[in-house]
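Reviewing the structure listed below.
The values are calculated or read from the model by the stated rules, or taken from the named source; none is laboratory data. These figures come from a predicted structure and were not determined experimentally. Cβ placement follows ideal geometry from the backbone for every residue including glycine, while neighbour counts extend to all protein chains displayed.
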Amino acid sequence: MQFLSLVMAAAFAGCAAAPTQSYPAKPEARLALYARTKACCDDPSGFSFLPLPAHGFTDAVVSRASPAFEFHSGLSPFAAFELPKASTPYRLRVKSNFDPGRNGETSVFYPVIALLDDTFIVLRMSGLDNLRLEPALATPGGETGLALTVPVDPAMENARYLIVFTPAAVLGAAPERREGDLLTPAALAWLERRGDAAVPASPYGRLRITIAPEQPAAEAAHTP
């Protein structure tokens, strides 16, 4: 509950003016568009993947023009990326910025990620319980948002693609439980208690994907 309180407080005190959006400002209008959305493909091999830099960040928008897919957790618009061809470990960070709407209406795209190999097999997935609130002051010129960071080691796994989407349950009624879905016990508990205390979920949002080299353990130990 403390996390939800922080999210709500940040929604009102976070970013000032939002950039021009390619989707409606009102959360209800976004959900109405989402309700008319159809799946784009039968499997991830049909996705278009944007390349990520070996070091740095890429901004992206999940919008009304974005494709949607029937994930294990339900239908969701998504963004898809090709991971850099790295030979050394790095950290992958995904942040979804809050969208201040009109009349104090704020919503956010609750991001979860899937890492796929070159045959489009899912290697790893995150969940709602992995998200952390990141205030605007956490980074210079930053915005308040929800973020997660995962380590990627090319020597341990052949991760080739990144998919960013949101479980359909946060956008409406929970789907029928299926093997491999994202409704973990922690995520279900989050859904049950969010009530009016959490920022409304949006099917669309503004993302920043950051790639940073993993600092070697020996170097990190000597860093003041």
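Figures for the structure shown
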read-out	value
Members of segment 131-142 found to be surrounded by 18 or more Cβ atoms within 10 Å (Cβ to Cβ) and either in a loop (DSSP other than H, G, I, E, B) or at pLDDT 95 or above (or both), listed by number	LEU131
Candidates ARG93, ARG102 - the one that is surrounded by fewer than 19 Cβ atoms within 10 Å (Cβ to Cβ), at pLDDT 95 or above and under 19 Å from ARG206 (Cβ atoms)	ARG93
Residue list for segment 143-175, filter: in a loop (DSSP other than H, G, I, E, B), at pLDDT 90 or above and surrounded by fewer than 21 Cβ atoms within 10 Å (Cβ to Cβ)	ASP153, PRO154, ALA155, MET156, GLU157, ASN158, ALA159, ARG160
Selection status of PHE49, touching a residue at least 40 places away in the same chain (Cβ under 8 Å), under 14 Å from THR210 (Cα atoms), surrounded by 15 or more Cβ atoms within 10 Å (Cβ to Cβ) and among the hydrophobic types (A, V, I, L, M, F, W, C)	no
Matching residues, segment 75-101, being in a strand (DSSP E or B) and of a type in the set (A, V, I, L, M)	LEU75, ALA79, ALA80, LEU92, VAL94
Selection within segment 102-130 - in a strand (DSSP E or B) and closer than 24 Å to MET156 by Cα	VAL112, ILE113, ALA114, LEU115, LEU116, VAL122, LEU123, ARG124, MET125
Any chance TYR23 is at pLDDT below 95, in contact with a Phe, Trp or Tyr (Cβ under 6 Å, 6 or more places away or on another chain) and either part of a helix (DSSP H, G or I) or not polar (S, T, N, Q) (or both)	yes
Flag if TYR34 is in a loop (DSSP other than H, G, I, E, B) and either closer than 17 Å to THR166 by Cβ or at pLDDT below 85 (or both)	no
Meets criteria (modelled with pLDDT of 95 or more, more than 13 Å from the chain's Cα centre (by Cα) and not basic (Lys, Arg)) for LEU83	yes
Some residue of segment 63-78 being in contact with a helix residue (DSSP H, G or I) (Cβ under 8 Å, 6 or more places away or on another chain), aliphatic (A, V, I, L, M), at pLDDT 90 or above and crowded, with 21+ Cβ neighbours inside 10 Å	no
Test: ARG178 is over 27 Å from SER22 (Cβ atoms), of a type in the set (Lys, Arg) and at pLDDT below 65	yes
Options LEU128, LEU116: the member that is buried (at least 18 other Cβ atoms within 10 Å of the Cβ), over 19 Å from VAL199 (Cα atoms), touching a residue at least 40 places away in the same chain (Cβ under 8 Å) and not aromatic (Phe, Trp, Tyr)	LEU116
Matching residues in segment 123-161 - criterion: being more than 20 Å from GLY205 (Cα to Cα), β-branched (Val, Ile, Thr) and under 16 Å from the mean Cα position of the chain (by Cα)	VAL150
